[in-house]
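Peer 1: Right, I'll just put the structure down here and ask away after.
The values are calculated or read from the model by the stated rules, or taken from the named source; none is laboratory data. Predicted model, so just to flag it, every value in this text is computed and none were measured. Here Cβ is always computed from backbone atoms with ideal geometry, including for glycine, and neighbour counts include all displayed protein chains.
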Amino acid sequence: MEIRDKGLWAQEEILDFLRERLGRLHARQRLGIETEHEAQVFGQGLNFFHIENWYSIHSVIRTVLRLTGLYGRGQRNAGDVQVRHNPITSSRLPAAFDGFTILHISDLHADMNQKAMQRVISLLPSLSYDVCVLTGDFRGNTVGPFVRAIEGTAEVAALLHGPSYGVLGNHDTIRMVPALEAMGIRMLLNECVTVEREGSRIYLAGIDDAHFFRADNIEKAGDPIPEGAFAVLLSHTPEIYRQAAHAGFDVMLSGHTHGGQICLPGGVAITLDSNLPRRLGAGAWTHHGMAGYTSVGAGSSIVAARFHCLPEITLHRLQCR
């Protein structure tokens with residue numbers, strides 16, 4: 001079987017693609033940042049400590065859950081992906097887009113939990129939406145091979161209909177972009193696209209990872225958007241909510257936090273691994289007139305277990321005020 005048939009690319013093909021897709025300077029810069037920082041536990045990014053890069057903690061958490069007899073329950077929870085519905089109302093939304101629906105999938109970590117991926121796959125055929133957006137973290141680990149993550153994502157992507165757009169997360173490498181785009185997901189790397197409906201337009205922008213690699217550029221992504229136009233920003237992390245709101249975006253869709261993943265009763269997160277107010281850690285929120293939504297993710301990070309925070313995929317329905 002050809003490499004390309006499996007959705008995989010040889011190293012030289014990846015480099016050639018990235019130079020053509022991003023430009024020589026951008027490609028060299030992004031690859032250099034990854035090589036220098038991706039395995040760091042301390043320093044860099046918006047947080048000083050990066051628990052997902054501290055691999056010894058993974059086995060510690062699993063051992064503790066097993067000893068307490070909770071691991072099986074946590075695994076079952078992690079596979080129980082829910083469909084959430086979130087209305088977004090705006091006076092700036094063109095009338096032609098009233099009812100326009102965005103399917104939001106985040107934090108697949110597609111190589112970590114087969115039960116969660118099969119649950120997502122079972123849910124997708126029954127959903128009705130106009131576009132799909134994927135807000136990063138396709139891979140489970142933050143370094144190393146990504147073949148299984150690409151293969152798992154491809155199974156999900158094969159069931160998506162209509163246009164699909166994505167951004168990279170802090171677990172992802174830029175080297176995944178050729179394979180992701182080959183399966184029909186248009187990756188937005190500090191870029192913007194126009195969505196048209198009945199002669200009207202809205203704008204969808206996406207930024208590169210802002211949490212760890214700090215490769216985001218909201219100015220570049222938003223510059224093509226006309227003043228006063230309705231615009232949605234995709235960002236893996238919600239931590240850049242201030243910048244997004246003051247740049248004039250109407251909506252920001254993100255993930256990264258997993259809603260805490262292992263939470264106390266009532267969904268109280270022990271940690272969000274993020275530098276942001278807790279009210280922005282999961283679900284719908286607003287800031288400075290911008291509607292935001294932080295997905296708790298479809299997959300799991302570090303360990304495939306969840307407590308008091310079930311995984312999700314979300315349907316955002318745009319509505320005119």
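Peer 1: If the Cβ limit is 6 Å and pairs must be 6+ apart or interchain, which residue in segment 122-133 that is farther than 19 Å from A205 by Cβ pairs with which residue that is in a helix (DSSP H, G or I)?
Peer 2: none
Peer 1: Right, something else. Among the residues of segment 7-28, write down those that are exposed (fewer than 14 other Cβ atoms within 10 Å of the Cβ) and under 19 Å from N190 (Cα atoms).
Peer 2: E20, G23, R24, L25
Peer 1: If you go through segment 278-299 one residue at a time, how many are more than 17 Å from T237 (Cβ to Cβ) and either charged (D, E, K, R) or part of a loop (DSSP other than H, G, I, E, B) (or both)?
Peer 2: 2
Peer 1: May I ask you to say which residue of V143, V131 is more than 17 Å from L253 (Cβ to Cβ) and aliphatic (A, V, I, L, M)?
Peer 2: V143
Here is a yes/no grid of residues against (1) outside any loop (DSSP other than H, G, I, E, B); (2) of a type in the set (A, V, I, L, M):
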| position | (1), (2) |
| --- | --- |
| A179 | yes, yes |
| Y203 | yes, no |
| D209 | no, no |
| D216 | no, no |
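Peer 1: Now for a different question. Does S301 satisfy the condition of being under 25 Å from C132 (Cα atoms), at pLDDT below 95, surrounded by 15 or more Cβ atoms within 10 Å (Cβ to Cβ) and within 15 Å of the chain's Cα centre (by Cα)?
Peer 2: Considered against the rule, which asks whether it is under 25 Å from C132 (Cα atoms), at pLDDT below 95, surrounded by 15 or more Cβ atoms within 10 Å (Cβ to Cβ) and within 15 Å of the chain's Cα centre (by Cα), S301 comes out as yes.
Peer 1: Between E155, E196, which is at pLDDT 95 or above, farther than 29 Å from N275 by Cα and in a strand (DSSP E or B)?
Peer 2: E196
Peer 1: Determine whether H85 is part of a loop (DSSP other than H, G, I, E, B) and out of contact with any Asp or Glu (no Cβ under 9 Å at 6 or more places or on another chain).
Peer 2: The answer is no for H85.
Peer 1: Checking the structure you have, find out if any residue of segment 118-133 is under 21 Å from H256 (Cα atoms), in a loop (DSSP other than H, G, I, E, B) and among the acidic types (D, E).
Peer 2: Looking through segment 118-133, none of the residues is under 21 Å from H256 (Cα atoms), in a loop (DSSP other than H, G, I, E, B) and among the acidic types (D, E).
Peer 1: Suppose we keep only residues that are part of a strand (DSSP E or B) and charged (D, E, K, R) within segment 304-321. Which one would you say is surrounded by the fewest Cβ atoms within 10 Å (Cβ to Cβ)?
Peer 2: R317
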